[in-house]
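Visitor: Have a look at this one before I ask anything.
What follows is calculated from the coordinates using simple rules that are stated; it is not laboratory data. Computed from a predicted model, the values in this text were never measured in an experiment. Neighbour counts are summed over all protein chains in view; Cβ atoms, including those assigned to glycine, are modelled from backbone coordinates with ideal geometry.
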Amino acid sequence: MGAESLSYNDRNHNGHGDEQPPVILGLQPSALVDHVARVDWSLLDQIPGERGGSIPVGIEELEYILREVKSHVLSSPNDPSPMKTMAGGSVANTIRGLSSGFKISSGIIGAYGDDDQGRLFIDNMSFNGVNLSRLRKKKGHTAQCVCLVDALGNRTMRPCLSNAVKVQAEELTREDFKGSKWLVVRYAILNLEVIQVAIHLAKEEGLLVSLDLASFEMVRNFKLQLLTLLESGKIDLCFANEDEATELLRGEQTADPKGAVEFLSKYCQWAVVTLGPNGCIAKHGKEIVQVPAIGEANAIDATGAGDLFASGFLYGLVKGLSLEECCKVGSCSGGSVIRSLGGEVTSENWQWMYKQMQIKGLPCPEQSR
């Protein structure tokens with residue numbers, strides 16, 4: 001798909017106008033729409049793959065799961081709507097959190113289809129203040145993902161990316177990155193070429209790069225390519241959850257979160273391993289900190305917890321906070337998203353987060369009210 005398939009507002013976005021470049025840019029090659037539902041265990045037993053993981057499915061399987069969801073929904077008194085549909089994807093969740101809750105100017109690089117899902121993605125992200133001038137519109141389908149949440153708040157994801165439009169490596173230009181401070185990427189073997197080109201261009205423009213390890217399956221199945229990426233020396237900040245960290249060091253004697261933080265810190269300035277209800281452990285230079293989680297007692301859905309933790313941590317880095325403070329802000333924002341369904345924080349839960357930050361003496365975002 002070459003430039004001719006881009007509407008790109010008649011290419012006038014290529015210079016991105018006179019606007020200030022976003023401080024933080026996220027690369028999400030395919031815009032994605034999440035269908036999030038709380039379901040009983042029996043549905044999770046009917047679909048292939050491990051519970052708790054993320055495995056790509058075809059459109060027929062996605063539609064089958066969406067049909068089955070209707071008869072397996074768990075309704076809850078505080079959340080009467082059984083399924084929520086919203087702009088999704090790990091990077092989009094992080095960028096939307098930075099823009100909406102943390103008031104840090106943020107943008108997204110990628111492509112969306114000329115369909116209902118594409119329009120939904122655009123509406124949701126622009127409503128939350130995200131800069132979309134680097135998002136290309138293409139003819140075709142927008143990617144979708146079903147997020148199934150069990151009674152304990154654990155989530156199982158089945159993304160459908162086949163035939164979805166995406167931004168190609170050759171479409172990226174240095175102009176996309178000029179003037180920004182950070183690039184946020186998520187490891188994915190299908191997007192490896194576009195990730196590598198984006199990181200190369202970002203580095204030419206002096207950006208710092210944050211990498212999320214995506215899922216334990218991705219680390220397990222494509223570990224060599226991941227190690228090559230880390231060894232390139234171009235990743236400044238790496239986020240892993242406990243499962244990904246364990247997978248990264250499988251077979252080593254130090255296959256635990258602390259071992260993973262030590263391992264990642266050989267390649268990255270900042271290494272962070274999130275530990276769910278046990279908080280997180282992080283290392284920068286010689287400093288190691290461990291910070292407890294916040295708000296876990298009220299967990300309804302873990303979707304987006306790591307993504308919003310990253311929003312808070314990046315906000316801390318942009319504001320020049322210490323490593324421990326960055327982790328604390330991350331714990332506040334990670335704790336805010338798990339209080340309702342889906343990877344988008346509600347306005348009530350942002351207020352909850354600001355209150356937690358004030359209690360802990362952390363600088364709150366400038367709130368434009």
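Visitor: Determine ³J(HN,Hα), in whole Hz, for all residues of the stretch 36-52 in sequence, where each value follows from phi through the Karplus function 6.51 cos²θ - 1.76 cosθ + 1.60 and θ = phi - 60°; x replaces Gly and Pro.
Guide: 10, 9, 8, 10, 7, 4, 4, 5, 5, 6, 8, 9, x, x, 6, 5, x
Visitor: Okay, next question. Rounded to the nearest 500 deg cm²/dmol, what is the calculated helix-only ellipticity per residue at 222 nm for the chain, with -39500 (n - 2.57) per DSSP H run of length n ≥ 4?
Guide: After summing the helix terms and dividing by the residues of the chain, the value is -10000 deg cm²/dmol.
Visitor: Can you pick out the pairs among LYS181/LYS319; LYS70/LYS139; LYS203/LYS234 whose Cα atoms lie more than 19 Å from each other?
Guide: Violating the 19 Å limit, Cα to Cα: LYS70/LYS139.
Visitor: If the stretch 241-369 were replaced by its equivalent ellipsoid, with semi-axes equal to the square roots of 5 times the Cα gyration tensor eigenvalues, what would those be, largest first, whole Å? Write out the running numbers ahead of the final one.
Guide: Working: eigenvalues 133, 59, 23 Å².
For the stretch 241-369, the ellipsoid semi-axes come out as 26, 17, 11 Å.
Visitor: Along the stretch 102-109, what does the Karplus equation 6.51 cos²θ - 1.76 cosθ + 1.60 (θ = phi - 60°) give for ³J(HN,Hα), rounded to whole Hz, x for Gly and Pro?
Guide: Result, ordered by residue: 9, 6, 9, 5, 9, x, 10, 10 Hz.
Visitor: Check ILE109: other-chain or 5+ apart residues with amide H under 5 Å from its amide H, H built from backbone geometry?
Guide: It is GLY26, LEU27, GLN28, by chain and number.
Visitor: If you work out percent of Cα pairs over 27 Å apart from the coordinates, which of (i) 58; (ii) 44; (iii) 53 do you get?
Guide: Among (i) 58; (ii) 44; (iii) 53, the one derived from this structure is (ii).
Visitor: For the modelled label position 7 Å from the Cα of ASP115 along Cα-to-Cβ, which residues of the stretch 133-157 have backbone nitrogen atoms closer than 14 Å?
Guide: 138-146
Visitor: May I ask you to evaluate 6.51 cos²θ - 1.76 cosθ + 1.60, the Karplus curve with θ = phi - 60°, for each residue of the stretch 93-100 and list the ³J(HN,Hα) values in order in whole Hz, giving x for glycine and proline?
Guide: So the Karplus estimates, Gly and Pro as x, are 4, 5, 5, 4, x, 4, 6, 6 Hz.
Visitor: Ranked highest first by average number of other Cβ atoms within 10 Å, how do 300-312, 247-259, 129-141, 170-182 line up?
Guide: 300-312, 129-141, 170-182, 247-259
Visitor: In addition: Please figure out what share of the DSSP beta bridges in the stretch 27-357 is antiparallel and state it in percent, rounded to the nearest 5.
Guide: Approximately 45 percent, going by the DSSP bridge assignments.
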